[in-house]
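Visitor: Quick one: this structure, given as structure tokens, is what I'll be asking you about.
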Amino acid sequence: MLEIKNLHVSIGDRKILEGLSLSVKAGEVAAIMGPNGTGKSTLAYVLAGREGYEVTEGEALLDGENILGLEPHQRAARGLFLAFQYPVEIPGVATMTFLKAALNAQRRARGEGEAPTPDLMKRVRAAAKGLGVDSEILKRALNAGFSGGEKKRMEILQMALLAPRFAILDETDSGLDIDALRVVADGVNALRAKDRAFLVITHYQRLLNYIRPDTVHVMARGRIMRTGGPELALELEKNGYRDYVGEAA
């Protein structure tokens with residue numbers, strides 16, 4: 001599914017990722033945990049195609065194709081999805097208009113025609129109801145004035161509608177109360193499938209109580225330092241990252 005090989009990334013003179021290698025198989029939920037400043041969000045942004053990051057070495061293969069040379073919309077068309085730590089507010093763009101545009105863009109990329117508006121609206125409302133998203137939110141500008149929990153619910157709604165092949169959740173549990181956390185987890189768990197994979201980036205083990213990962217990776221100083229099963233997250237919760245930071249130094 002996703003194979004990252006010897007990835008080096010910089011911003012200006014600052015090196016952030018230094019030889020990161022990572023493999024995530026189809027059907028797998030992989031978690032990355034690590035201290036602040038180690039490059040976890042940088043990895044997510046580079047995979048999604050955000051500007052400002054220079055890839056100096058390495059590759060990232062999605063289903064065998066190196067996506068690093070593709071534009072962000074092309075990566076999305078390949079089935080890549082990123083749920084942001086801090087979803088962006090877009091005043092003036094209605095949430096339903098945005099969802100319609102995103103869904104039809106994906107359909108066009110697959111060579112399909114645009115979905116009839118009534119059918120699309122019915123689908124959006126059904127998915128929103130399943131995730132506990134208030135239908136009134138769909139009438140508002142995207143994320144404008146939303147609470148933190150509402151923004152994260154909207155991200156998960158987008159993910160549920162787009163049904164990506166590979167989804168990255170970048171610290172999507174940040175600032176969530178327990179109810180919103182469960183909504184996020186339920187959205188991920190509902191989409192788990194043998195032909196889909198997830199990369200869950202988090203500081204804390206609590207999210208992994210609800211999204212049980214198959215694999216946990218410890219990231220420090222811009223690369224993967226250790227890989228294990230779900231029990232590794234419990235070890236990190238107990239002992240912290242000091243051993244890995246020292247090992248990476």
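Derivation of every value follows stated rules applied to the coordinates shown; laboratory data play no part. If you're wondering where the values come from, they're calculated on a predicted model, not measured in any experiment. FYI the Cβ positions are ideal-geometry reconstructions off the backbone, even for glycines, and counts take in every protein chain you see.
Visitor: What number, rounded to the nearest 500 deg cm²/dmol, is the helix-based mean residue ellipticity at 222 nm of the chain, given -39500 (n - 2.57) per DSSP H run of at least four residues and division by all its residues?
Guide: Numbers: 8 runs with 89 residues, N = 249.
When only DSSP H runs of four or more count, the value is -11000 deg cm²/dmol.
Visitor: Taking a ≥ b ≥ c as the square roots of the eigenvalues of the Cα gyration tensor of the stretch 74-121, is the shape rounded (a/c under 1.5), prolate (a/b larger than b/c) or oblate?
Guide: Cα axes put the stretch 74-121 in the oblate bin.
Visitor: Near the amide H of Ile16, under 5 Å away, which other amide H atoms are found, from residues 5 or more places off or on another chain, if H is placed in the peptide plane?
Guide: Val9, Ser10, Ile11
Visitor: Around Gly37, what is the net charge, scoring Lys/Arg as +1 and Asp/Glu as -1 over all other residues with Cβ under 15 Å from its Cβ?
Guide: Its environment carries a net charge of +3.
Visitor: At a 10 angstrom cut-off on C-beta neighbours, averaged per residue, how do the peptides 136-143, 188-195 rank from highest to lowest?
Guide: For the peptides 136-143, 188-195, the packing ranking is 136-143, 188-195.
Visitor: Return the FRET efficiency for the residue pair Tyr210, Glu3: r is the Cβ-Cβ distance, R0 is 35 Å, and the value is rounded to the nearest 0.05.
Guide: The value I calculate is 0.80.
Visitor: Ranked highest first by average number of other Cβ atoms within 10 Å, how do 121-133, 78-90 line up? Intermediate results must be reported in sequence, preceding the final value.
Guide: Details: 121-133: 16.0, 78-90: 18.1.
Descending mean neighbour count gives 78-90, 121-133.
Visitor: Ok, one more. Tilt of helix 95-109 relative to the longest C-alpha principal axis of the chain, in degrees (0 to 90, nearest 10)?
Guide: Taking the Cα atoms of the chain, the angle to 95-109 is about 70 degrees.
Visitor: Let me ask you something else. With respect to the cross-link table entries Lys100/Lys122; Lys100/Lys139; Lys122/Lys152; Lys15/Lys40; Lys5/Lys40; Lys129/Lys151, which display a Cα-Cα separation exceeding 18 Å?
Guide: Over 18 Å Cα-Cα: Lys122/Lys152.
Visitor: With an 8 Å Cα cut-off and a minimum separation of 6 or more residues, compute the relative contact order for the stretch 2-248 in percent. Can you show the working numbers first?
Guide: Details: 439 pairs, mean separation 70.2, N = 247.
Once normalised by length, the contact order is 28 percent.
Visitor: If I take R0 = 45 Å and measure r between the Cβ atoms of Asp119 and Asp243 in this structure, what FRET efficiency does the formula 1/(1 + (r/R0)^6) give, to the nearest 0.05?
Guide: 0.25
Visitor: Which order, highest average first, do 5-18, 164-177 follow once you tally other Cβ atoms within 10 Å for each residue and take the mean per peptide? Please report the intermediate quantities before stating the final value.
Guide: Working: 5-18: 15.7, 164-177: 20.9.
Sorting 5-18, 164-177 by mean packing, highest first, produces 164-177, 5-18.
Visitor: Just need log10 I(q)/I(0) for the stretch 31-164 at q = 0.10, 0.14 Å⁻¹, Debye formula, equal scatterers on the alpha-carbon atoms, no solvent, rounded to two decimals.
Guide: -0.38, -0.74
Visitor: Just to check I understand the Karplus step: with θ = phi - 60° and J = 6.51 cos²θ - 1.76 cosθ + 1.60, what whole-Hz values come out for the stretch 142-148, glycine and proline as x?
Guide: 4, 6, 6, x, 6, 6, x
Visitor: Give me the three principal axis extents of the chain from the C-alpha atoms, as integers in angstrom, largest value leading.
Guide: Principal extents (Cα only, largest first): 56, 38, 35 Å.
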